[in-house]
Ligand SMILES: NC(=O)c1ccc[n+]([C@@H]2O[C@H](COP(=O)([O-])OP(=O)(O)OC[C@H]3O[C@@H](n4cnc5c(N)ncnc54)[C@H](OP(=O)(O)O)[C@@H]3O)[C@@H](O)[C@H]2O)c1
């Protein structure tokens, strides 16, 4: 088992890696030995986060707002330069949501959510294919991990229509790409978080007390922890996860599996 989860010498990109779930993931990858590039919309937040995480390993700040395909192309160019031409792991984690009642759910709640959650990840993968190819081998494939959501798998009644549709779409996109890229030794998987204590779920918590109705909905009766999302991503990025592609992996205390 020695070295099974070791990521020394690997280069990983985590979009939205300065905060929230992305930060948990970036820290896990750094602890496993990878060099990690993280993004955030604000340059000062991105740089401060990377500086803080540098105590764990080499962490590179790449500020960017993924609100357009052009921004994803630009980010890919900076990743190309920072990585020296080999990208072993891409974690498409940056995500945007919008909630509102169905009767007044606005048209403007669609394009931004679909761009950040679906199209930008695709553009980033497409642009970085040469760098994934350069890092990939039959024994040790390159890895793309798309962060979906249980909201794209079950009806969570969140009134987040564009969000849940975008997440269902990225699950399918992951499987499509997995099929097309398996022969190039690039594994593509979707990880489906349940409820984790980040900004995105802040409205479900009150001073860290979790809504009892939410807890009753989760078979394990608690939120997810940082090491549980980080551990799943490290596993999928490592030798231990090399034979897994085209999978949708819920990390959700049983919401999907026991539903
Ligand atoms: N928390 C949960 O329970 C949960 C459950 C299921 C799925 N997820 C998924 O997990 C991922 C991370 O979410 P989170 O829970 O950590 O929520 P969060 O704290 O709101 O973080 C969202 C992340 O996305 C980035 N982001 C948002 N809009 C962006 C844009 N236009 N361009 C570039 N980056 C952008 C943010 O970066 P900056 O703010 O730093 O710019 C931040 O890192 C998302 O894909 C989300 O859908 C979370």
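Under the definition of Cα pairs under 8 Å and six or more residues apart, what whole-number percent is the relative contact order of segment 1-133?
On the way: 224 pairs, mean separation 33.3, N = 133.
It rounds to 25 percent for segment 1-133.
How are the Cα pair distances of the chain distributed, in percent, across 5 Å bins from 0?
Distribution as computed: 1, 6, 14, 18, 21, 18, 12, 7, 3, 1, 0, 0 percent.
Quick check on the exposure proxy: order 29, 124 from fewest to most C-beta atoms within 10 angstrom.
Going from least to most buried by this count: 124, 29.
Taking 8 Å as the Cα distance limit and 6 or more residues as the minimum spacing, I'd like the relative contact order of the chain as a percentage. Let's see the in-between values first.
On the way: 522 pairs, mean separation 51.5, N = 259.
Across the chain, relative contact order equals 20 percent.
With springs connecting C-alpha atoms under 10 Å apart, model the chain as a Gaussian network and identify which of 199, 225, 184 has the largest mean-square fluctuation.
Maximum fluctuation in the GNM of the chain, among the listed residues, is at 199.
Can you tell me, using C-alpha contacts under 8 Å and at least 6 residues apart, the relative contact order of segment 90-234 as a whole percent?
24
May I ask you to sort 217, 171, 203, 88 by Cβ crowding, counting other Cβ atoms within 10 Å and putting the fewest first?
Ordered by Cβ neighbours within 10 Å, fewest first: 203, 217, 171, 88.
Which value at 222 nm does the chain reach when only helices count, each DSSP H run of 4 or more adding -39,500 (n - 2.57), with the total divided by all residues and rounded to the nearest 500 deg cm²/dmol? Present the calculation step by step, with values, prior to reporting the outcome.
Numbers: 9 runs with 96 residues, N = 259.
That calculation yields -11000 deg cm²/dmol at 222 nm.
Sort 161, 243 so that the residue with the fewest other Cβ atoms within 10 Å of its own Cβ comes first and the one with the most comes last.
243, 161
Each reported figure results from applying straightforward, stated rules to the coordinates on display, with no laboratory input. Nothing here was measured: the structure is a model prediction, and the numbers come from that model. Using ideal geometry, Cβ is built from the backbone for each residue, glycine included, and neighbour counts are taken over all protein chains shown.
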